[in-house]
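Pasting in a structure now, in structure tokens, and then I'll have a few things to ask.
The values are calculated or read from the model by the stated rules, or taken from the named source; none is laboratory data. Keep in mind it's a predicted model, so treat the numbers as computed, not measured. A quick note on method: Cβ atoms are made from the backbone with ideal geometry, for glycine too, and the neighbour counts reach across all protein chains shown.
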Amino acid sequence: MTIKEKVDRLAALTKAAAAVKSEMEMLKADFEKQALEDLKDTKNKTIEYWGTAGAKVTVGNAEPVKPVSMKMVKQVLGEVYPDFVKEETSYKMTEPCKRLMALMFLGNYTEGSLDETIRAITADAKTQQVLKKKLKGKYEKDTKTLMQVAGLDEQEASDWAYLTAEIIGWEWMVQILHAGGWQGTPQEAVDLVRTAVVVDEVLKVTVELEEA
């Protein structure tokens, strides 16, 4: 298959999968409605519906418990609280934190100054001001900006956009380290991060379908 044929095939399969998922959700909703009717006025929590060749659908009436105030739960249980509740500490990184950790772990930065880089791209003061506002470290968008604003050809704009993204990453990293009170060098912080986290580079395939 050619690349074009593969794109078309993957798009068709994605569309078919979306249709299948939609039909499955509709059927599940039908079973939920039926189960509510069949379980009404009974003490049963689950009900089974059979098809052919051993196919079976089970609908269960789950009762998830979501604590609102563990302090109040602790007050109710008193001395037996440790017997009924297991306390765990959980940490969840924000998306900016994940980006920072990935940047440091993978070394996706270049020491430098955005202002100096812009001055190296163009000597025109007005163009420099526009670039300072528009360059955000987004490679593809910055490449277009450099072509449109600075008049660079595609290859040159691409090279500068790549460098700009890494320098913006560097400045962002240093700003955060300073704000956090880090006393060592940026490299020492990077070395520490590389022992504290693991970052796996994973390819992600995204399929876009034309609106019907």
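Has the range 84-107 got at least one residue that is over 30 Å from Lys71 (Cβ atoms), basic (Lys, Arg) and modelled with pLDDT of 95 or more?
Taking every residue of the range 84-107 in turn, none turns out to be over 30 Å from Lys71 (Cβ atoms), basic (Lys, Arg) and modelled with pLDDT of 95 or more.
Now a separate question. Considering Ala157, Ala165, Ala123, which residue is at pLDDT 95 or above and not in a helix (DSSP H, G or I)?
Numbers: Ala157 fails: not in a helix (DSSP H, G or I); Ala165 fails: not in a helix (DSSP H, G or I).
After applying the criteria, what remains is Ala123.
Across the range 11-21, which residue is nearest to the chain's Cα centre (by Cα) among those that are closer than 18 Å to Glu210 by Cα and of a type outside the set (A, V, I, L, M)?
Ranking the candidates gives Thr14 first.
Name the residue, out of Asp38, Asp8, that is closer than 30 Å to Glu208 by Cβ, of a type in the set (Asp, Glu) and surrounded by 10 or more Cβ atoms within 10 Å (Cβ to Cβ). It would help to see each step written out before you state the result.
Values: Asp38 fails: closer than 30 Å to Glu208 by Cβ.
Unique residue meeting the criteria: Asp8.
Go through (1) more than 26 Å from Glu201 (Cβ to Cβ); (2) surrounded by fewer than 12 Cβ atoms within 10 Å (Cβ to Cβ) one by one and return the number of the condition Gln155 breaks.
Of (1) more than 26 Å from Glu201 (Cβ to Cβ); (2) surrounded by fewer than 12 Cβ atoms within 10 Å (Cβ to Cβ), only one is false for Gln155: (1).
Would you confirm whether any residue within the range 51-61 is under 30 Å from Val85 (Cβ atoms), in a loop (DSSP other than H, G, I, E, B) and in contact with a Lys or Arg (Cβ under 7 Å, 6 or more places away or on another chain)?
Yes: one or more hits.
Let me ask you something else. Before we move on, is Val57 at pLDDT 90 or above, assigned by TED's automatic domain parsing to the domain that holds Leu36 and aliphatic (A, V, I, L, M)? Before the answer, list the steps.
Details: at pLDDT 90 or above: yes; assigned by TED's automatic domain parsing to the domain that holds Leu36: yes; aliphatic (A, V, I, L, M): yes.
Against the criterion (at pLDDT 90 or above, assigned by TED's automatic domain parsing to the domain that holds Leu36 and aliphatic (A, V, I, L, M)), Val57 qualifies.
To continue, here is another question. Has the range 39-51 got any residue that is within 37 Å of the chain's Cα centre (by Cα) and β-branched (Val, Ile, Thr)?
Yes, the conditions are met somewhere in the range 39-51.
Another one. When both residues are 6+ apart or on different chains and their Cβ atoms are under 7 Å apart, which pairs have a first residue that lies in the range 159-181 and is touching a residue at least 24 places away in the same chain (Cβ under 8 Å) and among the acidic types (Asp, Glu), and a second that is surrounded by 15 or more Cβ atoms within 10 Å (Cβ to Cβ) and part of a helix (DSSP H, G or I)?
Pairs found: Glu171/Leu114.
Would you check if Asp200 is among the acidic types (Asp, Glu) and at pLDDT 95 or above?
No; evaluated as a whole, the condition is false for this residue.
For (1) surrounded by 12 or more Cβ atoms within 10 Å (Cβ to Cβ); (2) in contact (Cβ under 8 Å) with a residue 40 or more places away in the chain, each residue gets a yes or a no:
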| site | (1), (2) |
| --- | --- |
| Ala62 | no, no |
| Ser69 | no, no |
| Val73 | yes, no |
| Val85 | yes, no |
| Glu95 | no, no |
| Lys98 | yes, no |
| Met104 | yes, yes |
| Ala125 | no, no |
| Val130 | yes, no |
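Also: State the number of residues belonging to the range 131-152 that are assigned to a helix (DSSP H, G or I) and under 21 Å from Trp170 (Cα atoms).
Summing the residues that are assigned to a helix (DSSP H, G or I) and under 21 Å from Trp170 (Cα atoms) in the range 131-152 gives 11.
Could you say which residue among Leu10, Leu77, Leu103, Leu36 is assigned to a helix (DSSP H, G or I), farther than 30 Å from Ala189 by Cα and touching a helix residue (DSSP H, G or I) at 6+ places or on another chain (Cβ under 7 Å)? Steps first, answer last, please.
Values: Leu10 fails: touching a helix residue (DSSP H, G or I) at 6+ places or on another chain (Cβ under 7 Å); Leu103 fails: farther than 30 Å from Ala189 by Cα; Leu36 fails: touching a helix residue (DSSP H, G or I) at 6+ places or on another chain (Cβ under 7 Å).
Unique residue meeting the criteria: Leu77.
Any idea which of (1) surrounded by fewer than 10 Cβ atoms within 10 Å (Cβ to Cβ); (2) outside any helix (DSSP H, G or I) is the one Glu48 doesn't satisfy?
All conditions pass for Glu48, except number (1).
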